[in-house]
Amino acid sequence: MLKSKKYIIVSLIILIVMFMLGYLFFYVQNNSHQSTKFNSDEKVTDSLITRTNMGLNNLHGKRRNRLVTLQKKVSDEQFIGAYIGVKNGKVVFSGQSGYANSQKKVPFMMTSTLNIGSMQYLINNIMIMKLVQANQIHSSEDKVSEYVSELNSKITIKKLLRGSATIYINKSKLEDNSKTMYEDASQSPKKGYVSGNEQLKLQLIKQSSNLSYEDCFQKLIAHPMHLYSSYVATENDKSYASNIIGYKYKTQSGAPVQESQINDDFLYHNNTVNMSISDMIRFIHLFNSKKIGIDNKSVLYDDQGASSYFSNSNGKAYQNDSYGRYISIKMDGSSNAFVLVVSNFPNENLKDITVANEMINLLNE
């Protein structure tokens, strides 16, 4: 009888320990950089925190029916991707078709991650302005060469941010990503030379902050903006099931076939940023609301600044193609609305920007 009691007690202890270990594992997994938890300080996060799957329709009456009609058109035209409509800081509708990763049969979700392409140019500008505000860069009027000593040029940080001056770098040196790339840099175009402005921004960020680019991105962008599924991609990140894979155009009996992947090795070795769809929505919302921790009178928000990427006036659009990942953003500042469309297959009948245009019209009716 005594042995039986001891056996029960030991069994209970083992079960409790196993439960605690399981809980600890679950907690760690859900707080990694692939986590989808958000702070509820913005309405846009409130509407994302309760769902990771697509398929939301919060429209009413005729507009609700119109969305259903548009979704049928998207399906009939065999569009592959995801679309999200945001108005006044709230996700109003979302939908998806096809696979983010066809080999693993993973659909597009709010947690799906992809390279953000030229959107990173804006992020680099924000990081530089934050370093100015922290006095790690004394002024945007300073010469870049004061911080990147290898550069022999009078170009100022403000001109670099505005894109009103270009540094051209020997293409062969640019691919090596070495500091010597600036030794024979030019401010006028030359044969075999390409724009090196974004690489120069990376060097400016690293050398003025004394941090790696990844650490600076987490400190200045991801953490303060609560972008918990955003990171600088490395080789270790390539196998994530949440990654959106880019595919080459291929059809079979008239239907798209997600089969031939586009080689994207470059993205995992060159300080490129990946974001989840939900993080991208939050970032756009915060930038348009001028809640990114930057002075509203800074170069980022003036007429010549980087605001042209996500201008919330005149219904401007943003488009990008990065190794078969297509991003289209259509905005209408008068109603604080935007539509984000993400795709990974080049549909010749229905382009992602066309989807974005039709969806923004519906959102603003």
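The values are calculated or read from the model by the stated rules, or taken from the named source; none is laboratory data. The model shown is predicted, which means the values in this text are computed figures rather than measured ones. Here the Cβ positions follow ideal geometry from the backbone for every residue, glycine too, while neighbour counts run over all protein chains shown. Protein only, heavy atoms only, side chains kept; ligands, DNA and RNA dropped before computing areas. Shrake-Rupley method; radii C 1.70, N 1.55, O 1.52, S 1.80 Å.
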Which links in 158/238; 143/171; 90/351 stretch past 30 Å when you go from one Cα to the other? 158/238
Check: C-alpha center segment 187-208 vs C-alpha center segment 249-267, spacing in Å is 32
Relative contact order, percent, segment 163-275 [alpha-carbon distance under 8 Å, six or more residues apart]: 20
Find how many whole Å separate the alpha carbon centroid of segment 78-122 from the alpha carbon centroid of segment 337-365. 11
Can you pull out the trypsin sites (Lys or Arg not before Pro) in segment 84-148 whose DSSP state is coil and whose Cβ has at most 16 other Cβ atoms within 10 Å? 104, 105
Put 162, 325 in order of accessible area, largest first, probe 1.4 Å, and you get 162, 325
So, for segment 225-269, what is the accessible surface per residue at a probe of 1.4 Å, expressed in square angstrom? 50
Provide 63, 282 ordered by accessible surface of protein heavy atoms (probe 1.4 Å), highest first. 63, 282
What is the gain in length, in nm to one decimal, between residue 184 and residue 152 on full extension, counting 0.36 nm per residue of separation less the C-alpha to C-alpha distance? 10.7 nm
Here segment 74-86 yields Karplus 3J(HN,Hα) values (6.51, -1.76, 1.60; θ = phi - 60°; whole Hz; Gly and Pro given as x) of 4, 5, 5, 7, 6, 6, 10, x, 9, 9, 9, x, 10
What do you reckon, how do 351, 238 stack up by accessible area (1.4 Å probe), largest on top? 351, 238
In debye, nearest 20: dipole of segment 175-260 around its Cα centre with unit charges on the Cβ of K, R (+) and D, E (-)? 240
